[in-house]
Amino acid sequence: MSETFPSQPEAPRPTMIDVARRAGVGLGTVSRVVNGGHGVRDETAQRVRAAIDELGFQRNEVARALRPGKKSTSLALVLGDLTNPFYASIAKASLEVAGQSGFAVVLGSVDEDPEGEKRAIQELVSRQVAGLMIVPDQGDHAFLQGAGVPVVFVDRPATGIDADIVMVDNEGGGRLATEHLLQQGHERIAILLAPSYYTIGRRLRGFRRAHRAAGIDVDESLVIQLPEGNAEAAEKATREVMLRPDPPTAIFASTNFLAEGVLRALGELGEEPAVVGFDDFRLADMLPTPVTVVASDIAELGRSAARLLLDRASGADTRPPQRIVLPCALIERGSGERPPSAANRKAR
């Protein structure tokens with residue numbers, strides 16, 4: 001009789017980031033040493049090689065296949081879950097722009113995991129891509145200093161590095177949604193917030209600014225921070241807030257996923273407060289009461305980022321780091337135009 005035993009999990013493979021930390025140098029210096037480039041002092045190169053030997057680092061085989069001096073025609077895009085339509089739109093648009101210039105795009109998908117993001121970036125740098133587009137997590141990105149390739153951040157800025165950023169006017173969009181509800185006569189507006197990434201914090205700031213401008217105090221009990229940024233968490237929170245003795249007459253959902261949860265809960269409760277979502281979503285205009293949203297051109301995020309990165313990679317754009325902010329627009333469809341008197345509350 002034979003027996004099988006579970007194998008021990010393999011230790012994580014050392015990365016260029018690990019080598020850089022051990023040698024006390026930048027990521028770009030390690031990349032040049034590993035890939036046979038020039039411009040590294042002998043003493044520094046020896047320190048890098050010693051760190052490589054100590055850690056047992058092995059160069060990526062794709063990078064090994066590239067000839068020294070061969071110019072890359074690939075860009076890299078590191079983003080979140082591709083099942084999210086937001087990220088899928090960015091990816092599709094950047095691929096189209098890159099393809100028109102004869103470039104391919106290598107995708108790396110991570111989900112708000114700083115260590116996973118670092119590993120993905122290290123792998124992409126080892127492939128000698130011409131540039132990086134990154135939707136950053138909340139970690140420190142100082143490790144990208146001296147990476148040797150241009151970097152463009154998408155949707156939110158990064159910490160620890162001064163680089164190009166293409167983003168949406170999240171604060172302006174949050175203010176726009178809230179002003180619209182206030183103009184309909186609502187004074188008790190609940191806002192549902194996904195875990196506080198940069199974008200959500202700016203939308204909340206716009207929410208507060210609109211209240212201040214209108215001379216109306218924010219009811220802090222209606223500023224609802226969710227434990228997770230999904231529809232299920234929004235559905236639960238909406239049920240709870242609408243069953244309070246004095247529920248809100250309007251709800252601002254700070255993401256499209258949260259808007260879906262809000263609508264599901266309201267349908268079950270049979271209540272009709274005004275609702276405005278941030279970012280459009282499929283079938284929002286096909287519901288019995290179409291959903292009013294604040295929307296931006298998500299595809300343009302991808303296009304603008306790819307165009308800027310291509311200009312940086314070719315040397316056509318040598319300006320200091322740029323900050324491109326795309327505007328938002330309110331799409332009125334019905335759900336956000338209900339006055340406070342239209343809120344259909346059940347007897348409690």
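The values are calculated or read from the model by the stated rules, or taken from the named source; none is laboratory data. Since the model is a prediction, treat every value here as computed from it, not as a measurement. Here the Cβ positions follow ideal geometry from the backbone for every residue, glycine too, while neighbour counts run over all protein chains shown. Side chains included, ligands, DNA and RNA excluded: accessible areas come from the protein's heavy atoms. Shrake-Rupley method; radii C 1.70, N 1.55, O 1.52, S 1.80 Å.
State all residues of region 116-127 that are more than 17 Å from the chain's Cα centre (by Cα) and either part of a helix (DSSP H, G or I) or surrounded by 22 or more Cβ atoms within 10 Å (Cβ to Cβ) (or both); if no residue qualifies, say none. Step through it out loud before you land on a result.
Within region 116-127, the subset more than 17 Å from the chain's Cα centre (by Cα) is 119, 122-127.
Scanning region 116-127 gives ARG119, GLN122, GLU123, LEU124, VAL125, SER126.
Of the residues making up region 201-217, those that are hydrophobic (A, V, I, L, M, F, W, C), surrounded by fewer than 16 Cβ atoms within 10 Å (Cβ to Cβ) and part of a helix (DSSP H, G or I) are ALA213, ALA214.
What residue, among those in region 143-175 that are in a loop (DSSP other than H, G, I, E, B) and among the β-branched types (Val, Ile, Thr), is modelled with the lowest pLDDT?
Among those residues, the one meeting the criterion is VAL149.
Taking first residues from region 183-200 that are in a helix (DSSP H, G or I) and partners that are at pLDDT 95 or above, the Cβ contacts under 6 Å between residues at least 6 apart in sequence or on separate chains come to THR199/ASN170; ILE200/LEU193; ILE200/SER254.
Would you mind stating whether GLU228 is modelled with pLDDT under 95, open to solvent by 30 Å² or more (accessible area, probe 1.4 Å) and charged (D, E, K, R)? So GLU228 fits the description; yes. Across region 247-280, the qualifying residues are those that are at pLDDT 95 or above and in a loop (DSSP other than H, G, I, E, B), and the one among them that is surrounded by the most Cβ atoms within 10 Å (Cβ to Cβ) is SER254. For first residues located in region 201-212 and without any contact (Cβ under 8 Å) to a residue 60 or more places away in the chain, partners that are assigned to a helix (DSSP H, G or I) and open to solvent by 30 Å² or more (accessible area, probe 1.4 Å) and lie 6+ apart or on another chain with Cβ distances below 6 Å form the pairs ARG202/GLU171; ARG205/GLU171; GLY206/GLU171; GLY206/ARG175; ARG209/ARG175; ALA210/ARG175; ALA210/GLU179.
Condition first: open to solvent by 40 Å² or more (accessible area, probe 1.4 Å) and of a type in the set (D, E, K, R). Now tell me which residues in region 313-337 satisfy that. Before the answer, list the steps.
Applying the first criterion (open to solvent by 40 Å² or more (accessible area, probe 1.4 Å)) to region 313-337 yields 314-316, 318-325, 327, 329-333, 337.
ARG319, ARG323, GLU332, ARG333, GLU337, listed by residue number.
Hey, could you check region 91-115 for residues that are among the small types (Gly, Ala, Ser) and part of a helix (DSSP H, G or I) and say which is nearest to VAL78 (Cα to Cα)? Result: ALA91.
State whether the residues of region 218-237 include one that is under 29 Å from the mean Cα position of the chain (by Cα), assigned to a strand (DSSP E or B) and small (Gly, Ala, Ser). Spell out how you get there, then give the answer.
First pass over region 218-237, keeping only residues under 29 Å from the mean Cα position of the chain (by Cα): 218-237.
Retained after the next criterion (residues that are assigned to a strand (DSSP E or B)): 223-225.
Applying the additional criterion that residues be small (Gly, Ala, Ser) yields none.
No, every residue in region 218-237 fails to be under 29 Å from the mean Cα position of the chain (by Cα), assigned to a strand (DSSP E or B) and small (Gly, Ala, Ser).
Of all residue pairs spaced 6 or more apart or on separate chains, those with beta-carbon atoms under 8 Å, a first member in region 63-83 that is within 21 Å of VAL34 (Cβ to Cβ) and at pLDDT below 85 and a second member that is in a loop (DSSP other than H, G, I, E, B) and open to solvent by 70 Å² or more (accessible area, probe 1.4 Å) are ALA63/ARG127; LEU66/ARG127; SER72/ARG127. Pairs are defined by a Cβ separation below 6 Å, a sequence spacing of at least 6 or placement on different chains, a first member in region 97-114 that is of a type in the set (Val, Ile, Thr), and a second member that is open to solvent by less than 60 Å² (accessible area, probe 1.4 Å) and not in a helix (DSSP H, G or I); the pairs so defined are VAL105/LEU75; VAL105/LEU77; VAL106/SER74; VAL106/ALA76.
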